[in-house]
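Here's the structure we're looking at; comments come further down.
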Amino acid sequence: MWHANNAGEYDNDGYHLRGKVTTNAQGFYSIETIKPGKYLNGAQYRPSHIHFKITPPNFPTVTTQLYFAGDTSIEQDAAASITTGPYDATHRIIELTDDGTGVLEGTWDIAVSGEGIVGSSDIHLDKGIIYAANPNPFTKELAINFGVFQASEVSLLVFDMQGREVATLERQHRTPEKYNATWIPDAKLPNGYYFIALKINAIQVHYLKVKFERQASPYGQ
Ligand SMILES: [Fe+2]
C-alpha cells in the first residue's frame, strides 16, 4: 500500500509512506499510518485515499484504492464516485471513528474473487454472524452474541493481532439459532486488540475486532 503525505505529495525518492504487509493465517491485517492529504488532479482534488495492490495466494494481483466516508471530494472523483459494475467503489469507502484520543480507526475487509474484483467480504454471512461483542473496549468480561444459520460445527475463537489463537469460546455442533458466549481473558493476556472469529465448519465467516483494557488492580497483582 502507498499514499500521499499531509500535503498530498508522494515520496518518489525515499519511498516513505509505502509498505507491504502479509496477512496472518486468519487473513487479518492491520496498518498504522497518517491520513493522506489530497492532491489536485486537473481542476479537482482527489479524495484522500490509500492505494493497494493485493495478491491472494495463487491469484493475480489486483490494484485498487481505499477512500474515507464523508470526504467531500468523492462525489466529483472519476474513480471514487463509481457505484455499479466491476469498479464499484461503494465497498472501498470506509467510516473512520475517533478512538477518543484523536486516533482515527477504520476497518476494511478485503474479499478478492478469482477475477481479481475487490468487493464486500459479506459473502459467508448467510452461514453465521457475530451480532455484537460488548462492551467494546472491555475491562473484564466480553459478552458475545452470534447467530448460526445452518446446522454445523461451530467454533468461536479469539485470536491476537499476530494470529495466535488465545481462546476457544465454543467448539461444538450447533443447530440454527441465536447464541451467547462470554470471554474472560486469561490473567496472562496483555491489553490490546483481539479478534473474535466465528467459524462455521471450515470457513471463518465473520469476525469482530475488540479491545481489552484491563484495569490496574489497586492492590497490585
Ligand atoms: Fe493517489
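Bear in mind these aren't lab numbers, they're just calculated from the coordinates by the rules spelled out. Quick caveat, the model's predicted, so the values are computed rather than measured. Ideal geometry is used to build each Cβ from the backbone, glycine not excepted, and the neighbour counts take in all protein chains shown.
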Check: What is the fewest-to-most order of Trp108, Trp183 by other Cβ atoms lying within 10 Å of their Cβ?
Finding: Trp108, Trp183
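Placing +1 at every Lys and Arg Cβ and -1 at every Asp and Glu Cβ, with all other atoms neutral, what dipole size does the chain have around its Cα centre, in debye to the nearest 20?
460
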Checklist line | Under Karplus coefficients 6.51, -1.76 and 1.60, residue-wise ³J(HN,Hα) of the range 193-200 in Hz, glycine/proline x | finding: 8, 9, 10, 8, 10, 9, 10, 10
Notebook entry, point to check: Of Thr55, Thr22, how do they rank once you tally other Cβ atoms within 10 Å and put the fewest first?
Noted result: Thr22, Thr55
Item checked: Cα gyration tensor shape of the range 122-212, rounded if a/c is under 1.5, else prolate or oblate by comparing a/b with b/c -> prolate
Checklist line | Reachable aspartates and glutamates from Lys53, criterion Cα separation under 15 angstrom, eight or more residues apart if same chain | finding: Asp109, Glu115
